[in-house]
Amino acid sequence: MDRLHRAIKNVHRLDDLAARGTALTRLPPLPKLLAVLVYLCVTLSFQKYALTGLLGMALWPILLYEIDDLSIVKTLRQCWAVVALLVLVGIANLFFDCAPVLTLGPVVLSGGAVTLLVLVVKGVLCFLAVYLLIATTGMERVCAALRQLHVP
């Protein structure tokens, strides 16, 4: 029951953030939803070794977190489960892709390590974008925007 109460408390906290009246919270929900969907599609379309391009995608959520005066550090603390799941999924890459791909000074990273890192970065960026959407819109308004797109 404690876990359920914490989940309900987190949803209420996100709704409280959405009710603050900042520049992002005043925007209509449908354009924000569409922007996040485009961001997710672009972020997830990067190839498995495209770490530098993917790091450039971090600018969008960082900028929006700063504009809306949200703590990106507090949000990152909440995505530990996402990171753990992605590491568990991507750990096999370390064993199957052993060819050296990236050299950072004296450190040589294998393709599996780079792929694992890219997978984790993609997951964290997607988590940040969706969290930002809900924190600036509210769950009820996100659902209303999804209904406008005829998503059941």
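The values are calculated or read from the model by the stated rules, or taken from the named source; none is laboratory data. If you're wondering where the values come from, they're calculated on a predicted model, not measured in any experiment. The area values use the complete protein model at the heavy-atom level, side chains included, leaving out ligands, DNA and RNA. Shrake-Rupley method; radii C 1.70, N 1.55, O 1.52, S 1.80 Å.
Overview of values
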quantity: Overall Cα dimensions of segment 78-152 - principal axes, largest extent first, Å; calculated: 51, 24, 20
quantity: Nearest-10 value in Å² for the accessible area of residue 126, using the 1.4 Å probe; calculated: 20 Å²
quantity: Accessible solvent surface per residue of segment 10-95, calculated while the other protein chains remain in place, 1.4 angstrom probe, Å²; calculated: 64 Å²
quantity: For residue 101, residues with placed amide H under 5 Å, excluding near neighbours; calculated: 109, 110, 111
quantity: Solvent accessible area, Å² - residue 48, 1.4 Å probe, full protein context; calculated: 110 Å²
quantity: Taking N as its residue count, the alpha carbon Rg of segment 35-77 over 2.2 N^0.38 Å; calculated: 1.27
quantity: 3J(HN,Hα) from dihedral phi, segment 86-94, Karplus parametrisation 6.51/-1.76/1.60, rounded to Hz, x for glycine, proline; calculated: 5, 5, 4, 5, x, 5, 5, 4, 4
quantity: Cubic angstrom per residue, convex hull over Cα atoms of segment 1-82; calculated: 125 Å³
quantity: Percent breakdown of C-alpha pair distances by 10 Å bin, ordered from the shortest bin, for the chain; calculated: 10, 33, 32, 17, 7, 0
quantity: Of all accessible heavy-atom area on segment 15-114, the percent that carbon and sulfur account for (1.4 Å); calculated: 73 percent
quantity: Sequence-distant lysines (8 or more away, or on other chains) whose Cα lies within less than 21 Å of residue 32; calculated: 122
quantity: Per-residue ³J(HN,Hα) for segment 30-37, Karplus 6.51 cos²θ - 1.76 cosθ + 1.60, θ = phi - 60°, Hz, x for Gly and Pro; calculated: 5, x, 5, 4, 5, 5, 5, 4
quantity: Heavy-atom accessible area order for 63, 34, 17, largest first, 1.4 Å probe; calculated: 63, 34, 17
quantity: Taking segment 44-115 and dividing mean pair separation by its residue count, relative contact order in percent (alpha carbons under 8 Å, at least six apart); calculated: 27 percent
quantity: Cross-link partners of residue 48 among aspartates and glutamates (Cα-Cα below 16 Å; sequence separation of 8 or more within a chain); calculated: 97
quantity: Exposure rank, largest accessible area first [45, 71; 1.4 Å]; calculated: 45, 71
quantity: Sequence of 80, 60 from largest to smallest accessible area, 1.4 Å probe; calculated: 80, 60
